[in-house]
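Colleague: The structure that follows is given in the form of structure tokens.
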Amino acid sequence: MDILDRIPGIIGYAAVKAEDGSVEEVKGSSSTALADLTAYFSSAGDAIRSNLEMGELGYVSVIYGNNRLVIIPHEDKFVGLEIEREKDPQEFIQQLKEPVPEEKPPVEVPRGLRSKVHQINLLIEEFGGAVDEEHWLDLLNQSLSVLGRDIAPFIGVVEGKLAFKDSPPSEREDDFTQALRYVVDFLVKKAVEEMGSSQARAKVQVVIEKMR
């Protein structure tokens, strides 16, 4: 039932076995006895459905105070969701039927590659300053455009900063290091062309000091 943890608006939920009403799981911040309510009303609802020959049970909705308990048959169990009283139960039922995107695992980057990325971002700051940053971001993108197709998808400019968009394969660390060195060399050469070797060297030295 991990999907329930990823649906916003659910205060708490409980899952009980349809066969005997035994509790399988209770989670969330509800102060209500969700498991007991789910077991009781699911049993009552199922009995009413059977006695009145009402066909398949869709869901049971019980209102109390400011909240609502929505009980849904799911596989071999009943699941009770506590939501706010005014919420539409159908919205939550629909989300249960639709796959919720899995959270992407955090990007893991080796220390050496993180250091190179930091160096490049510092160079962009120094070369571009407050006035010419867009120009240097354009040059950065230009340098990235010539990287190999097997490297380019992993790294790019995100919100004005160079960053890894996905974890690089550990066995390719040397290849990524070489690619980032190329980017550094490209930017430094452009700086020498545009502002002269003395000024470019001074700005590179500032970056070196910041990296220590």
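Colleague: Rounded to two decimal places and with Rh computed the Kirkwood way over Cα pairs, what is Rg over Rh for segment 2-97?
Modeller: A ratio of 0.94.
Colleague: Counting other Cβ atoms within 10 Å of each Cβ, which chymotrypsin sites (Phe, Trp or Tyr not before Pro) in segment 125-212 have at most 13 and sit in a DSSP loop?
Modeller: For chymotrypsin sites (Phe, Trp or Tyr not before Pro) across segment 125-212 that sit outside H, G, I, E and B with at most 13 neighbouring Cβ atoms in 10 Å, the list is empty.
Colleague: How large are Rg and Dmax for the chain when only the alpha carbon atoms are used, in Å?
Modeller: 28.8, 91
Colleague: Calculated from DSSP H runs of 4 or more alone, at -39500 (n - 2.57) each and per residue, what is the 222 nm mean residue ellipticity of the chain, nearest 500?
Modeller: Result for the chain: -15000 deg cm²/dmol, rounded to the nearest 500.
Colleague: Name the most mobile residue of Ile11, Ile93, Ile48, meaning the one with the largest mean-square fluctuation, in a Gaussian network model of the chain with Cα contacts below 10 Å.
Modeller: Maximum fluctuation in the GNM of the chain, among the listed residues, is at Ile48.
Colleague: Report the charge-dipole magnitude of the chain in Debye, nearest 20, computed about the Cα centre from +1 at each Lys and Arg Cβ and -1 at each Asp and Glu Cβ.
Modeller: 940 debye
Colleague: Only counting other Cβ atoms within 10 Å, I'd like Ser198, Ser115 sorted with the fewest neighbours first.
Modeller: Ordered by Cβ neighbours within 10 Å, fewest first: Ser198, Ser115.
Colleague: Please report the relative contact order for the chain, taking Cα pairs under 8 Å with a sequence separation of at least 6, and give it as a percent rounded to a whole number.
Modeller: Relative contact order, the chain: 15 percent.
Colleague: In addition: How high is the relative contact order of segment 2-97, given as a whole-number percent (alpha carbon pairs under 8 Å, six or more residues apart)?
Modeller: 30 percent
Read-outs: derived from the displayed coordinates by stated rules, not from any lab. Remember, it's a predicted structure, so these values are computed and weren't measured experimentally. All Cβ positions, even for glycine, are placed from backbone atoms using ideal geometry, and neighbour counts span all protein chains on display.
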